[in-house]
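Taken together, the values in this text are just the output of simple stated rules run on the coordinates, not laboratory data. Just so it is clear, the model here is predicted, and its values are computed rather than measured. A quick note on method: Cβ atoms are made from the backbone with ideal geometry, for glycine too, and the neighbour counts reach across all protein chains shown.
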Amino acid sequence: MQNNWNEIKKYQQEKDERFQQSLFKDQIQNIDSTIQDISNNPDYVKVILICTFTNETIATKEKIICSENDCQIIEKDDVVGKEQKQQKQNNKIFLIVQKKKLSPIQKGYILKVLNYQSLITLKNQMQQNYPYVQLMEYFFKLSKIKNNYEELIKQIHQMDTKHLYGLLISSLVFQDTQIEEAIFELFLQNINLENAIKLLLITVQYESKKQHYFYKLIKHLYYFSKGLLKETYDNQLQKIVQNGMKQKQLQVEKPNFIKLITQIHIFKINSTILYPLFKQQETYLFQYYKPLREKKQFTVYRNLDCPEGREQSDFPHLYYLKNKENQTILVAIQYEIKGDILIFQENQEKLIKYDDNYLGLIEFKNQGKEFIVYDDGYPEYMENSFPQWVGRKKRRMLIFDYFSEKRYDKPRLFDVKCYNINTNQYDEIITKEPQYDESKGSFTLKLSNIAITPSTRNFVLQKKGENNNIDQEIYLCHGKQNRHTFNLDLHEGISVFQGFCISIVSICSKGIYE
């Protein structure tokens, strides 16, 4: 049996080699090239290749059927080369190249490149290259006037949409940011859903800096179409909605496919092309969600300024997490006493759930005795409504449970299940028991210098163990400085996002549990 396997493996390898050779064998008989300067552009030239080649060699690979007890080769004949030699064809192929890259463009070099292209590819080049060359020449003409912005816009406005996309691709290929920005500005003036999808695909394919923006735009369109994003905070998002976007226009064909339905066409897009963008976004958010590797010190501020029209209430509450340099790291907003608390990367004019800066929320449970903290993501019940790589399900980052009654002479005790995104597991942490000091007639807790004011909001969170009186690994220390300011020390094992949420819960929970 082993000998049969070895023979088949060797036979298969030889067949593969002959198969590869047969695809490119004797396709190109002759090749000549001429070089022409492109008018009005000193940096580029047009290379015209005249190729004489035969029809494509047709190769058929054998099939091998293997079972546990036997190996059988089907279609044992050698690879068959079927060349139709009725006629030879001359074809012109156009290449636009920079002059500084001319040195390798020799006859042998071009022949080597073309030998690894099939006849079908060459025929497609024949059919498509002439309009492509025209577009390149027009692009080079625009590059001569790009510093005259008014004239550039005037010329671009004269182009139809199809050629405008081609011109955008040209600007991305040659990295001309001025022409690129001018075309994007024109597209974004009256953008609709179909154009947004096309721009996403183009910017991803040609690695434009705007690919991140269009990725987020499509992601937010999904949120909006599913009723999760209640307001159109982005100008382009608002334009797309106003330009007739319908809820069922954007659908999930399969987990990895986006289906766009328009009046004329149905587009099916493999969303795996968005995977690099998805991973880049996840990597960026990792800085907030990942457990710290060293101790860091922060300050949490609460702002109770009464907004206009809310004189009868001190809500909304705003919470700010600031570092030692007094830079704002995170922002949270609580609109009402038992409402969700939304967490954002930075302060902005509108704090809207699921916008660009949204990181997650704190949800009240069981009359304020429990809290669940979620990160950014769509709800679990909508998993089949979102394609992969456009977003992900939200995760429970913290499960927060008060297990002691509310008292004003002793800190309330609670435990927390803290999700670790490195291990995909929950670490159980718990408040350290304060010790009663008879000489002072009060409970005491060692908190270094971070607790300036006595408060039930002074606490230490440590790893849960069999005996809570024994010192365990410290995750977090929280101490009150004054009425609206709290010191927060985060240790290894907990993230900035999680630490900020724990601080907010401890501050806002006054009066919730009765």
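Let me spell out the model: positive unit charges on the Cβ of Lys and Arg, negative unit charges on the Cβ of Asp and Glu, origin at the Cα centre of the stretch 131-218. What dipole size does that give, in debye rounded to 20?
The calculation lands at about 100 debye.
If R0 is 35 Å, what FRET efficiency do you get for N482 and K295 from their C-beta distance, rounded to 0.05?
Step by step, r from the Cβ atoms, then E = 0.90.
So who's got an amide H within less than 5 Å of the one on I494, skipping anything under 5 residues away but keeping other chains? H placed 1.01 Å off N, in plane.
Hits under the 5 Å cutoff: L292.
First measure r as the distance between the Cβ atoms of K394 and E151, then evaluate 1/(1 + (r/R0)^6) with R0 = 56 Å and state the FRET efficiency to the nearest 0.05.
Once the sixth-power term is evaluated, E becomes 0.65.
May I ask which of K296/K353; K369/K432; K239/K393; K154/K226; K146/K248; K338/K480 have a Cα-Cα span longer than 30 Å here?
Beyond 30 Å: K154/K226; K146/K248.
Just to check I understand the Karplus step: with θ = phi - 60° and J = 6.51 cos²θ - 1.76 cosθ + 1.60, what whole-Hz values come out for the stretch 412-421, glycine and proline as x?
5, 9, 8, 10, 9, 8, 10, 6, 9, 6
Quick one: dipole size for the stretch 189-234, taken about the Cα centre, charges +1 on Lys/Arg Cβ and -1 on Asp/Glu Cβ, in debye to the nearest 20.
About 100 debye.
Whose amide H sits under 5 Å from the amide H of L330, counting only residues 5 or more places off or on another chain, with H placed in the peptide plane?
The answer is L321.
Of K230/K365; K219/K246; K162/K350; K219/K290; K198/K219; K290/K394, which pairs sit farther than 25 Å apart, going by alpha carbon to alpha carbon?
K162/K350
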